[in-house]
Amino acid sequence: MRIEWRDIARRLAATARLAIGIPDYERYREHMAHRHPDVEPMGREAFFRERLQARYGRGRSRCC
């Protein structure tokens, strides 16, 4: 099995985004294509807006 540096870099970037809570639009598109092929996926802007609303839209965070 040959591992490409580009694949390694992409996986590291996705892992870093997940660790700090940045949503991954490409992974969302892959999920929608695989699991929900009959549904039109959100555009990039709508996706990030929805993710921010889901994360911060409920008022004060319970973190602190």
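Return the only residue of ALA33, ALA16 being modelled with pLDDT of 95 or more and outside any loop (DSSP other than H, G, I, E, B).
Values: ALA16 fails: modelled with pLDDT of 95 or more.
Every option except ALA33 fails the conditions.
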Taking the range 19-30 and keeping residues assigned to a loop (DSSP other than H, G, I, E, B) and surrounded by 11 or more Cβ atoms within 10 Å (Cβ to Cβ) leaves ILE22, PRO23, ASP24
Of residues in the range 1-13 being exposed (fewer than 10 other Cβ atoms within 10 Å of the Cβ) and among the hydrophobic types (A, V, I, L, M, F, W, C), the one modelled with the highest pLDDT
TRP5
Mind counting the residues in the range 1-47 that are of a type in the set (Lys, Arg) and either on the phi > 0 side of the Ramachandran plot or within 14 Å of the chain's Cα centre (by Cα) (or both)?
6
Pairs under 6 Å by beta carbon, first residue farther than 17 Å from GLY21 by Cβ in the range 41-53, partner of a type in the set (Phe, Trp, Tyr), six or more apart or different chains?
ARG44/TYR25
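The values are calculated or read from the model by the stated rules, or taken from the named source; none is laboratory data. Nothing here was measured: the structure is a model prediction, and the numbers come from that model. As a convention, Cβ positions derive from the backbone with ideal geometry for all residues, glycine included, and neighbour counts pool all protein chains shown.
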